[in-house]
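Colleague: Dropping a structure here in structure tokens format, bear with me for questions.
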Amino acid sequence: MGIDMYDLAVQNDKLILRNLIPEDKEDYYKLYQDTSIIKKKMKPEAFRRFFEKEWEQEILSKDRLNISILSADSKQYVGNILLRYLDSDMPEIGIDIVQEFRRKGFAYSAIQLFLKSAQNLFEKDKFLVRIYSDNIASLELFQKLGGSEIGREPSEYQIFLNELKEKFGDEYQRIKEMHPEMEEIASKRYIKRFCLSI
């Protein structure tokens, strides 16, 4: 089933979930700024150009589903649910919530509402969730939702260090002496994989 076949529009007394639309762009951009790990390393105008490319090439692409989360009362943008790899046996799901709505039950309610609607929308009954080991709020959220840990994988930073070791060999030791903290940082942060069932 093609991605354009998925048309999500559901609501409960707290939230509205619907497909991301072009009118959500500025709200999505603010959320993207808040959650991006590369924003700190870029000038604002360069980051905006990066976002514009992402918006056209990735965010609105046909191989993923972006779902806007809105407050049922105010219609205010609350966050986004992202689904990727929809053709796989276990599509990946992620959620980002606008700062002012965090720790208020919106993420929990949004995922619950999504899972109820997913029974009718998808032919899948399991979703993959990938969470950084130091993201305590997300770990608690998906455990509360019934997610069970199914494995771990290295973070992007650890993968980068491994590639650096392979590429530079002996020179890596000199780099490590200049930045002795880098391996410790990489070893402490990894990705936990969870299975979330409908």
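The values are calculated or read from the model by the stated rules, or taken from the named source; none is laboratory data. Just so it is clear, the structure is predicted and the values come from calculations on it, not from any experiment. When we count neighbours, we look across all protein chains shown, and the Cβ atoms used for this are built from the backbone with ideal geometry, even at glycine. Keep in mind that these areas ignore ligands, DNA and RNA; they rest on the heavy atoms of the full protein, side chains included. Shrake-Rupley method; radii C 1.70, N 1.55, O 1.52, S 1.80 Å.
Colleague: Summarise the accessible area of segment 45-105 (1.4 Å probe, protein heavy atoms) by the percent that is carbon and sulfur.
Modeller: That fraction is 46 percent.
Colleague: What whole-number value in Å² describes the accessible area per residue of segment 134-187 for a 1.4 Å probe?
Modeller: Accessible surface, normalised per residue, equals 71 Å².
Colleague: Here is a further query. Hey, what angle do you get for helix 106-121 against the long axis of the chain, alpha-carbon based, 0 to 90 degrees rounded to 10?
Modeller: 70 degrees
Colleague: Residue separation times 0.36 nm, minus the C-alpha to C-alpha distance between GLU123 and TYR157: what's the value?
Modeller: 8.8 nm
Colleague: Efficiency by 1/(1 + (r/R0)^6): what FRET value for SER148 and TYR172, r their Cβ-Cβ distance, R0 = 35 Å, to the nearest 0.05?
Modeller: It comes out at approximately 0.40.
Colleague: Report the residue, chosen from ARG174, ARG49, ARG130, that carries the largest GNM mean-square fluctuation when the chain is represented by alpha-carbon nodes joined by springs under 10 Å.
Modeller: Comparing ARG174, ARG49, ARG130 in a Gaussian network model of the chain, the most mobile one is ARG174.
Colleague: In whole Å, what are the extents of segment 1-141 along the principal axes defined by its C-alpha atoms, from largest to smallest?
Modeller: Here the spans come out as 43, 33, 33 Å, largest first.
Colleague: Can I ask one more? Set the Förster distance to 41 Å, then compute FRET efficiency between GLN76 and GLU56 from the Cβ-Cβ distance, nearest 0.05.
Modeller: After rounding to 0.05, the efficiency reads 0.95.
Colleague: Also: Need one number: nm distance between label points at GLN99 and GLU184, each 7 Å from Cα along Cα→Cβ, rounded to one decimal.
Modeller: Distance between the two pseudo-spin positions: 2.9 nm.
Colleague: Roll a 1.4 Å probe over the protein chains and send me the accessible area per residue for segment 61-111 in Å².
Modeller: For segment 61-111, the solvent-accessible area averages 47 Å² per residue.
Colleague: Here's another thing I want to ask about it. Which of the lysines could a cross-linker bridge to LYS40, judged by Cα under 20 Å and excluding same-chain residues fewer than eight apart?
Modeller: LYS30, LYS53
Colleague: Using 25 Å as the Cα-Cα cut-off, could you pick out the over-long pairs in LYS25/LYS75; LYS14/LYS192; LYS41/LYS165; LYS41/LYS144?
Modeller: Violating the 25 Å Cα-Cα cut-off are LYS14/LYS192; LYS41/LYS144.
Colleague: How big is the convex hull of the Cα atoms of segment 29-87, per residue, in Å³?
Modeller: Spread over its residues, the Cα hull of segment 29-87 gives 96 Å³ apiece.
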